[in-house]
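Undergrad: Have a look at this one.
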Amino acid sequence: MRKINTDQFRRGTRSTPREINRKIVLNLVREHQPLSRADLARRMQVARGALTTLVEDLVSAGVLCEGETADTPRGRKPTMLYVRTRDRFVVAVDVRFRRTSVMLSDFEARELALETFSTPAEPEALVAELVPRIRRLLRTHGVAECEGIGLVVPGMVDRRSGRILNSPPLGWKNVELRSMLADATGLRVFIENSPTACALAHLWLSPSHNVETDNFVYVAVSDGVGAGVVVDGELLRGHGETAGEFGHIPLSLDGPPCMCGLRGCWEAYTSNIATRARYLGLEASMPGNRETLREVGFTMADLIARARTGDEAAKRALEETGRYLGLGVANVITAFSPAQIVIGGEITRAWDLIGGVVEKAARQRALTDAAAGTPIIPAHGVEFPRLRGATALLVARHFAAPQVA
Ligand SMILES: [Zn+2]
């Protein structure tokens, strides 16, 4: 039961039921495509004729498209409906501590082109580097109409203003990145915190709908650590839009210093920077060491490879991260009672080495049997989770339920 906000509501009009049904059609096709009109009507629980105008409108608006006919046992060959995705383009940008990636993708987050470069220290330099690259990508691939740019950063973002409020890994505070990039490219730009965007991608770009995908917490382990919390199919944002910053909730008040300036944050134990620093014997939060870590070409993939070849110190560094990861996951489970926890990031490539350690640590602090049984699932098979998240910033807007009342 959601309370109606009497200061800010959307009054129902004559077109409201149509708008709702349009979104239901769009989502049914998205999840079950290819779908015939007869099957769509069955799933909508209406007579087929009741859908004719709605479907034709969506086809002529270029939102749905008609694909090949399908063979049926009775010999009729219905024309199948698809959501139009392949010729709708998005520029996805993932700004990270060391590297920034730019991907041209379609509406299903398929990679059409990808390039990366060293992340500049200043936001103005980032925009100066991004703009010609984006223009060239669009030109080279003959994209006349681009839906916009989705950009993700490790840090807190005010989604409404597009301002980066605080990004400890990048060392940026109150940066008007969206307006800078939108003015320079003339495209629509959406900016989001990377774990939040990863959760959106899990919610909107996963092939099928089930109860687990409506209630989950996506924990992104990257340069920073953060969580995207989805409750009943909706992302939890909070009053200041920065909910889910579990990375900066302490595991221990006397713990190691974090890049945010506080001590003992979950991130200070579990981020890729922390794991690499642990192995290399560096303190991740020391400014000089931060530069060293940025410059040194030693990646999480290298660390995992060493652990696999019997480097005991590499194995210990990963397992220690796994234990702290599990302890923090227990906090997330206690706070939100999700149907599942999804873990994303490079660390998941070592899941066979640390998955057991993560689960054991999480179970140790579970308060109920249900909490202890919460599945902790690595987001395998997703090659670029954050770029997928950046794409989802534009895609989700097309499928989300209309806000009513
Ligand atoms: Zn912190």
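Undergrad: Sort out which residues of the range 105-128 are under 25 Å from N272 (Cβ atoms), in contact (Cβ under 8 Å) with a residue 12 or more places away in the chain and open to solvent by 70 Å² or more (accessible area, probe 1.4 Å), and write them in order of number.
TA: E111, S118
Undergrad: Further question: For the range 189-204, how many residues meet the condition of being more than 15 Å from R237 (Cβ to Cβ), more than 8 Å from the chain's Cα centre (by Cα) and in contact (Cβ under 8 Å) with a residue 60 or more places away in the chain?
TA: Number of matching residues: 1.
Undergrad: Output the helices (runs of 4 or more DSSP H) that fall wholly within the range 295-405 and possess 1 or more residues being open to solvent by less than 10 Å² (accessible area, probe 1.4 Å), or say none.
TA: Numbers: elements: 300-308, 312-336, 351-364, 369-372, 385-399.
Of the helices (runs of 4 or more DSSP H) lying wholly inside the range 295-405, those with at least 1 residues that are open to solvent by less than 10 Å² (accessible area, probe 1.4 Å) span 300-308, 312-336, 351-364, 385-399.
Undergrad: Identify the residue in the range 85-106 that is modelled with pLDDT of 90 or more and part of a loop (DSSP other than H, G, I, E, B) and, among all such residues, is farthest from S206 (Cα to Cα).
TA: If we filter the range 85-106 for residues that are modelled with pLDDT of 90 or more, which is where we start, we get 88-96, 99-106.
Pick out the ones that are also part of a loop (DSSP other than H, G, I, E, B) and you get 88, 96.
Numbers: R88: 18, R96: 24 Å.
Only one residue fits best here, namely R96.
Undergrad: Against the condition among the small types (G, A, S) and under 30 Å from I4 (Cα atoms), how does A366 come out, does it pass? Step through it out loud before you land on a result.
TA: Details: among the small types (G, A, S): yes; under 30 Å from I4 (Cα atoms): no.
No; evaluated as a whole, the condition is false for this residue.
Undergrad: Still on this model: Quick one: would you say V102 is within 23 Å of M259 (Cβ to Cβ), out of contact with any Phe, Trp or Tyr (no Cβ under 6 Å at 6 or more places or on another chain) and buried (at least 19 other Cβ atoms within 10 Å of the Cβ)? Reasoning before the result, please.
TA: On the way: within 23 Å of M259 (Cβ to Cβ): no; out of contact with any Phe, Trp or Tyr (no Cβ under 6 Å at 6 or more places or on another chain): yes; buried (at least 19 other Cβ atoms within 10 Å of the Cβ): yes.
Against the criterion (within 23 Å of M259 (Cβ to Cβ), out of contact with any Phe, Trp or Tyr (no Cβ under 6 Å at 6 or more places or on another chain) and buried (at least 19 other Cβ atoms within 10 Å of the Cβ)), V102 does not qualify.
Undergrad: Among the residues in the range 144-167, are any basic (K, R), surrounded by 15 or more Cβ atoms within 10 Å (Cβ to Cβ) and in contact (Cβ under 8 Å) with a residue 60 or more places away in the chain?
TA: Let us first name the residues in the range 144-167 that are basic (K, R), namely 159-160, 163.
Filter once more, so that each one left must be surrounded by 15 or more Cβ atoms within 10 Å (Cβ to Cβ): 159, 163.
Among the residues that remain, those that are also in contact (Cβ under 8 Å) with a residue 60 or more places away in the chain are: 159.
Yes, that holds for at least one residue.
Undergrad: Only residues that are in a loop (DSSP other than H, G, I, E, B) and under 28 Å from H202 (Cα atoms): list them for the range 11-56, please. Outline the logic, then answer.
TA: The initial filter retains those residues of the range 11-56 that are in a loop (DSSP other than H, G, I, E, B), namely 11-15, 33-34, 45-47.
Q33, P34, Q45 - these are the residues of the range 11-56 that are in a loop (DSSP other than H, G, I, E, B) and under 28 Å from H202 (Cα atoms).
Undergrad: For the subset of the range 157-175 comprising residues that are away from the ligand (no atom under 15 Å from the Cβ) and not in a strand (DSSP E or B), which member is farthest from the chain's Cα centre (by Cα)?
TA: For the range 157-175, the residue satisfying everything is S161.
Undergrad: Go through (1) open to solvent by 30 Å² or more (accessible area, probe 1.4 Å); (2) in a helix (DSSP H, G or I) one by one and return the number of the condition N5 breaks.
TA: (2)
Undergrad: Find all pairs meeting these conditions: Cβ atoms under 6 angstrom apart; at least six residues apart or on different chains; first residue within the range 251-275 and at positive phi; second residue within 11 Å of the ligand (Cβ to nearest atom) and open to solvent by less than 20 Å² (accessible area, probe 1.4 Å).
TA: Listed by first residue and then by second, the contacts come to G264/G255.
Undergrad: So, in the range 41-61, exactly how many residues are surrounded by 16 or more Cβ atoms within 10 Å (Cβ to Cβ) and touching a Leu at 6+ places or on another chain (Cβ under 6 Å)? Can you show your working first?
TA: Here is the first cut: in the range 41-61, the residues surrounded by 16 or more Cβ atoms within 10 Å (Cβ to Cβ) are 41, 44, 51, 54-55, 58.
Then drop every residue that is not touching a Leu at 6+ places or on another chain (Cβ under 6 Å), which leaves 41, 58.
Count: 2.
Undergrad: Please go through (1) within 16 Å of the ligand (Cβ to nearest atom); (2) touching a residue at least 12 places away in the same chain (Cβ under 8 Å); (3) of a type outside the set (F, W, Y) for A184 and return the number of the only condition it doesn't satisfy.
TA: Going through the list (1) within 16 Å of the ligand (Cβ to nearest atom); (2) touching a residue at least 12 places away in the same chain (Cβ under 8 Å); (3) of a type outside the set (F, W, Y), A184 breaks only (1).
Undergrad: What are the residues in the range 168-177 that are in contact with a Lys or Arg (Cβ under 8 Å, 6 or more places away or on another chain) and open to solvent by 60 Å² or more (accessible area, probe 1.4 Å), if any?
TA: Within the range 168-177, N174, E176 meet the criteria.
Undergrad: Can we say P73 is at pLDDT below 95 and open to solvent by 10 Å² or more (accessible area, probe 1.4 Å)? Please lay out each step first, then the result.
TA: Numbers: at pLDDT below 95: yes; open to solvent by 10 Å² or more (accessible area, probe 1.4 Å): yes.
So P73 passes the test.
Undergrad: OK, next. Could you list, in sequence order, the residues of the range 222-274 that are away from the ligand (no atom under 14 Å from the Cβ) and not in a loop (DSSP other than H, G, I, E, B)?
TA: The answer is G228, V229, V230, V231, E234, L235, N272.
The values are calculated or read from the model by the stated rules, or taken from the named source; none is laboratory data. In this text the structure is predicted, and so the values were computed from the model without any measurement. FYI the Cβ positions are ideal-geometry reconstructions off the backbone, even for glycines, and counts take in every protein chain you see. Surface areas here come from the heavy atoms of the whole protein model, side chains and all, with no ligands, DNA or RNA. Shrake-Rupley method; radii C 1.70, N 1.55, O 1.52, S 1.80 Å.
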